[in-house]
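Participant: For reference, the structure I am asking about is given below.
The values are calculated or read from the model by the stated rules, or taken from the named source; none is laboratory data. Since this is a predicted model, take the numbers as computed values, not measurements. When we count neighbours, we look across all protein chains shown, and the Cβ atoms used for this are built from the backbone with ideal geometry, even at glycine.
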């Protein structure tokens, strides 16, 4: 029993359950929090925990893509949009609640990194990996083969759905408003230099006020 508790198999199973528990808790917080900023912060924690699970499976490409693309780009864009909503927050004298939640999320991410990389840095921890691939295995090639052979139809359908969503978002931004002056590019292109660009208006001269004249 003691040998199993100090083995690499038990250590990686423990990491799997810890990361899964954090992932499920963060995902529940995303959908239950009423504040959108809190939801965005816990969504970052969810992505990071999923990346840690993929690293346990030696899927480094998927893990790094999730961190770089979603955590590093998409979530930053989400936070920019949330900040552009101009949410009114009452100023606090001490540390704000957003800072506390941000520090809590950052602390959990640091703990996950230490638990994942600790076995590589501390010789006392088990060093063997539970999931082992053959030499020369490429998870990028494996993902590409599965994506473009077995799941090519769902992949194309997802691409069409994203294209429809982009077109719909553009159409929503082009809604007409009565209090907004729209510029028609086609009318500007077909303007003639002879009689459309300038019009001469004849106005009668007006007399000014007699200030400081002779009395």
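Participant: Kindly establish whether residue 99 is exposed (fewer than 14 other Cβ atoms within 10 Å of the Cβ), modelled with pLDDT of 85 or more and more than 30 Å from residue 139 (Cα to Cα). Walk me through it before giving the result.
Facilitator: On the way: exposed (fewer than 14 other Cβ atoms within 10 Å of the Cβ): yes; modelled with pLDDT of 85 or more: no; more than 30 Å from residue 139 (Cα to Cα): yes.
Taking the combined requirement at face value, the residue does not satisfy it.
Participant: Among 117, 110, 77, which is over 23 Å from residue 57 (Cα atoms), loosely packed, with under 13 Cβ neighbours inside 10 Å and modelled with pLDDT of 60 or more?
Facilitator: On the way: 117 fails: over 23 Å from residue 57 (Cα atoms); 110 fails: over 23 Å from residue 57 (Cα atoms).
Checking each option against the conditions leaves just 77.
Participant: Pairs, please: C-beta under 7 Å, at least 6 apart or cross-chain, first residue closer than 16 Å to residue 102 by Cβ and in the stretch 73-89, second at pLDDT 80 or above and assigned to a helix (DSSP H, G or I)?
Facilitator: So the pair list comes out as 75/40; 75/43; 75/44; 78/40; 79/40; 82/36; 82/37; 82/40.
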